[in-house]
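Here's the structure, in structure tokens; my notes come after.
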Amino acid sequence: MKTNFDLILRENIKKLKAYSANKVDYKIKLDANENPFDFPAELKEIILKDLFDHPFNRYPDSDASEIKELIAGGMNTNVNKIALGNGSDELIQSLTLAFGSGSSLFFYPSFSMYGIISAACNTMTKVISLDEKFDIDIDTTLRYIKKNQPSLIFIGHPNNPTGNCFSEEKILNIIENSSGLVVIDEAYSEFSNKSFLPLISKYDNLIILRTFSKAYGLAGCRIGYMIASEKVVEHVNKVKLPFNLNSISQRIGIIALKHKKKCDEAIKTILSERDRLLGEMQKNSMIYTFPTEANFILFRTKISSKTVFNTLLSNGILIRDVTDSKLLKNCLRVTVGKPSENDAFLRAISQIIK
Ligand code: PMP
């Protein structure tokens, strides 16, 4: 019999597009907010030796206990408040699977996966536009929350792609007025030094989402984690696949945490390079840079962002064109790279936008 895909496919999946990362030729990659420095070679050597002695024939620890204990120790919390994911993307999915019975609320512009995962999980979405300064329009937001009480609210802190942190007072207002869960996505918090973590024991609806993909330089190893109330973790554990964090990722995460100081070294360089990039870009009157607390910079150009993107790419430099017809008109996002990569970007952009 011929398979009738149209009949068996869920309605919400029909409308979805598969996530696909850019497959273009480039020499310098500044498009995905990764750490430009590879994981330190001396730690890679420790990992390789560790993995050699590790049995590959056995399933991973489904609780990921050792890495959980290290995370809990570093954050002064207990292991029952932590869940691990195959990247923080997976935790967004687990939270939506477990709790997305009503609507999920997030802001425009923000991380695209909040919407994609909600759609895949058949959770209704509500998107509220940020204001001109990319802060939360608190009146509209509170009005929606009080009337509809969304099951989940996702807040990037700092927000991607804008790079800013929202007013903490507004976020607290949202947490206190919500009967659903408020997920503070702190994927970039190591660059902002801001966190809602101290409030985790005060609010049982607060969830902090973190990742090893950015500051730790381990995007390829897919390790994300969340800190939340025990109740939330208990339900997330019901929907997560039993061995979602493979044993190699677990071992790598453990070694990264045991050598946290070494991993942190890159952050300083990234921050000083970010300020250098900002300073240089601000000298160009055709470019407007938005304030950032992350490892990337959102900027608007007075010429077409498409031209800027394509000309940079023809120079071998890949960044992200995030333009649209609304708040992000002619906006692009560049990730802070290594000093030589940033030099190349600055040289190229000063030739393109004069
Ligand atoms: N949250 C935000 C705000 C992000 O920008 C990203 C990655 N681009 C993620 C979560 C997902 O990170 P990962 O799945 O690699 O942990």
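Screening Glu265 with (1) at pLDDT below 95; (2) within 14 Å of the ligand (Cβ to nearest atom) gives one miss only, at (2).
Quick check, is Ile8 among the β-branched types (Val, Ile, Thr) and either buried (at least 20 other Cβ atoms within 10 Å of the Cβ) or closer than 28 Å to Glu234 by Cβ (or both)? Judged against the criteria, Ile8 is not a match.
In the range 20-38 there is at least one residue that is aliphatic (A, V, I, L, M), within 16 Å of the ligand (Cβ to nearest atom) and modelled with pLDDT under 95. So, Leu152, is that one of a type in the set (A, V, I, L, M) and more than 15 Å from the ligand (Cβ to nearest atom) or not? So Leu152 fails the test.
Filtering the range 108-139 to residues that are at positive phi and more than 16 Å from the ligand (Cβ to nearest atom) leaves only Asn122. Residues in the range 206-232 that are more than 16 Å from the ligand (Cβ to nearest atom) and either charged (D, E, K, R) or surrounded by fewer than 19 Cβ atoms within 10 Å (Cβ to Cβ) (or both): Ser229, Glu230, Lys231.
Considering the range 84-131, the residues that are under 15 Å from Pro150 (Cβ atoms) and within 13 Å of the chain's Cα centre (by Cα) include one that is surrounded by the fewest Cβ atoms within 10 Å (Cβ to Cβ), namely Ser110. The single condition among (1) of a type in the set (A, V, I, L, M, F, W, C); (2) more than 28 Å from Asn160 (Cβ to Cβ); (3) assigned to a loop (DSSP other than H, G, I, E, B) that Leu48 does not meet is (3). Scanning the range 275-317 for residues that are of a type in the set (Val, Ile, Thr) and part of a strand (DSSP E or B), which turns out surrounded by the fewest Cβ atoms within 10 Å (Cβ to Cβ)? Going through the qualifying residues, I end up with Thr289. When you look at Ser62, is it surrounded by 10 or more Cβ atoms within 10 Å (Cβ to Cβ), closer than 20 Å to Cys121 by Cβ and touching a residue at least 40 places away in the same chain (Cβ under 8 Å), yes or no? No: the conditions fail for Ser62.
For the range 162-177, residues that are in contact (Cβ under 8 Å) with a residue 60 or more places away in the chain and farther than 16 Å from Ile208 by Cα total 3.
What are the residues in the range 247-274 that are crowded, with 17+ Cβ neighbours inside 10 Å, assigned by TED's automatic domain parsing to the domain that holds Gly85 and either over 15 Å from Ile71 (Cα atoms) or of a type in the set (Lys, Arg) (or both), if any? Those that are crowded, with 17+ Cβ neighbours inside 10 Å, assigned by TED's automatic domain parsing to the domain that holds Gly85 and either over 15 Å from Ile71 (Cα atoms) or of a type in the set (Lys, Arg) (or both): Ser247, Arg251. Residues that are assigned to a helix (DSSP H, G or I) and crowded, with 24+ Cβ neighbours inside 10 Å within the range 183-205 comprise just one, Ser189.
The values are calculated or read from the model by the stated rules, or taken from the named source; none is laboratory data. Remember, predicted model here, so these are calculated numbers, not experimental data. All Cβ positions, even for glycine, are placed from backbone atoms using ideal geometry, and neighbour counts span all protein chains on display.
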